[in-house]
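The values are calculated or read from the model by the stated rules, or taken from the named source; none is laboratory data. These numbers were taken from a predicted model, which means no experiment stands behind them. Heads up, the Cβs are rebuilt from the backbone with ideal geometry, glycines too, and the neighbour counts pull from every protein chain shown. With ligands, DNA and RNA removed, areas are computed over all heavy atoms of the protein, side chains included. Shrake-Rupley method; radii C 1.70, N 1.55, O 1.52, S 1.80 Å.
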Amino acid sequence: GRWKEGFQRYRHRFNAPGFPPRPRFDYPQWRGEPLEGKTIMLYVEQGFGDEIMSLRFADIVRSHGATVILAVRPPVYRLARSLIGIHGAVDETILMYDAPQTKPDYQCALLDVPAFIEMTPEWIPKDGYLAAEDRNYRIDFKPGLNVGICWASGKRDLQPAVAETAKQKSLTFEHFAPLARPGVNLVCLQQNHADGAALRDLGVHDAMPGVTDFADTAFIVDHLDLVITVDTSVAHLAGAMGKPVWNLVRFDALWPWMQETRDTCWYDSMTLYRQDKPYDWATPLKRLMADFDAFVADRRAVAA
């Protein structure tokens, strides 16, 4: 929670191996200068969860009088267009070849914005700031409680250090199997899994075939009553949409989750289930399953 000094020192991440060189584009770096009447390009970095979490900062910058252009990665491009108040979202891969139509006066990494506006946990904008695009089709769920599940983080095979961390914050489908019960429609939000037979045996609907980006995933999440996940990109997506989400986090989770064990300053709709000690998923899963039993019972009582 020591964000004032923390975000200033956080800028040293650009000196670490594996981070993109700075400046990312050929525009002056914004360091908190007045923005009234200026155009600024905000660009993303790190994992997709970090990207989705930090999109909210674009509206803060806009409120300072700036015209905001968001440079995002292709899987987030359509999703970012749902943000209110930005001038436009652009696919950052295109910017490697073509300059934006409006030349920015400044550039800034989204995760540097808190440093220059001296953000504290007490005034994070956390209302649902992303929305699902409408589709011409609807998901046909059976009557009951629709619960999305995601039990593993991305593999990141080309980044060995990140891949090792992904293993530590991943579970297996078997850990989530006890969620299956009459009246509960489990919906798989896990991409690139090998659990098709196990999902079919428990009647889990695999919603991911045909999903091409986070806008597609957002459309599925929009039709759910609850999301349970250990993957941070899905957690941030559901939270950014204001959807109830239960997030399983490691004992040594990254800084956004601070040292919280249940609530988080980032999303009103999110509940954290943190490991009490390293590598111990049994304890938070026990708490989560007990809460799920109560959640299902409450819904059944309301329906009756």
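Tell me, which residue of segment 1-39 that is among the acidic types (Asp, Glu) and either touching a strand residue (DSSP E or B) at 6+ places or on another chain (Cβ under 7 Å) or closer than 23 Å to Trp123 by Cβ (or both) is surrounded by the fewest Cβ atoms within 10 Å (Cβ to Cβ)? Here the answer is Glu36.
Of all residues in segment 220-229, one or more are at pLDDT 95 or above and within 30 Å of Arg13 (Cα to Cα).
In segment 237-250, how many residues are at negative phi and open to solvent by 10 Å² or more (accessible area, probe 1.4 Å)? Full working, then the answer.
Step one: filter segment 237-250 for residues at negative phi, giving 237-241, 243-250.
Among the residues that remain, those that are also open to solvent by 10 Å² or more (accessible area, probe 1.4 Å) are: 241, 243-244, 246, 250.
Count: 5.
The set of residues in segment 263-286 that are crowded, with 17+ Cβ neighbours inside 10 Å and in a helix (DSSP H, G or I) comprises Pro284, Leu285. The residue pairs whose first member lies in segment 111-122 and is closer than 14 Å to Tyr10 by Cβ and assigned to a helix (DSSP H, G or I), whose second member is open to solvent by less than 30 Å² (accessible area, probe 1.4 Å) and of a type in the set (Ser, Thr, Tyr), and whose beta carbons are closer than 6 Å, counting only pairs six or more residues apart or on different chains, are Leu111/Ser54. Among the residues making up segment 295-304, those that are in a helix (DSSP H, G or I) and open to solvent by 50 Å² or more (accessible area, probe 1.4 Å) are Ala297, Asp298, Arg299, Arg300, Ala301, Val302, Ala303.
I'm trying to understand the selection: among the residues of segment 53-81, which are part of a helix (DSSP H, G or I), open to solvent by 10 Å² or more (accessible area, probe 1.4 Å) and not β-branched (Val, Ile, Thr)?
Here is the first cut: in segment 53-81, the ones part of a helix (DSSP H, G or I) are 53-54, 57-62, 74-80.
Cutting the leftovers down to open to solvent by 10 Å² or more (accessible area, probe 1.4 Å) gives us 59-60, 62, 74-75, 77-78.
Residues satisfying the conditions are Asp59, Arg62, Pro74, Pro75, Tyr77, Arg78.
The condition of being buried (at least 18 other Cβ atoms within 10 Å of the Cβ), aliphatic (A, V, I, L, M) and either over 27 Å from Asp213 (Cα atoms) or free of Cβ contacts under 8 Å to residues at least 40 places away in the same chain (or both) does not hold for Leu42.
The set of residues in segment 274-304 that are modelled with pLDDT of 95 or more and of a type in the set (Val, Ile, Thr) comprises Thr283, Val296.
Here's the yes/no breakdown for (1) free of Cβ contacts under 8 Å to residues at least 24 places away in the same chain; (2) within 23 Å of Ala177 (Cα to Cα); (3) more than 12 Å from the chain's Cα centre (by Cα); (4) crowded, with 19+ Cβ neighbours inside 10 Å:
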{"residue": "Met208", "(1), (2), (3), (4)": "yes, yes, yes, no"}
{"residue": "Asp252", "(1), (2), (3), (4)": "no, no, yes, no"}
{"residue": "Trp257", "(1), (2), (3), (4)": "yes, no, yes, yes"}
{"residue": "Thr261", "(1), (2), (3), (4)": "yes, no, yes, no"}
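Inspect segment 29-43 for any residue being modelled with pLDDT under 90 and of a type outside the set (Lys, Arg) and give the result as yes or no. No: zero hits.
Going by what's in this entry, would Phe48 be described as among the aromatic types (Phe, Trp, Tyr), open to solvent by 10 Å² or more (accessible area, probe 1.4 Å) and at pLDDT 90 or above?
Spelling it out, Phe48 is indeed among the aromatic types (Phe, Trp, Tyr), open to solvent by 10 Å² or more (accessible area, probe 1.4 Å) and at pLDDT 90 or above.
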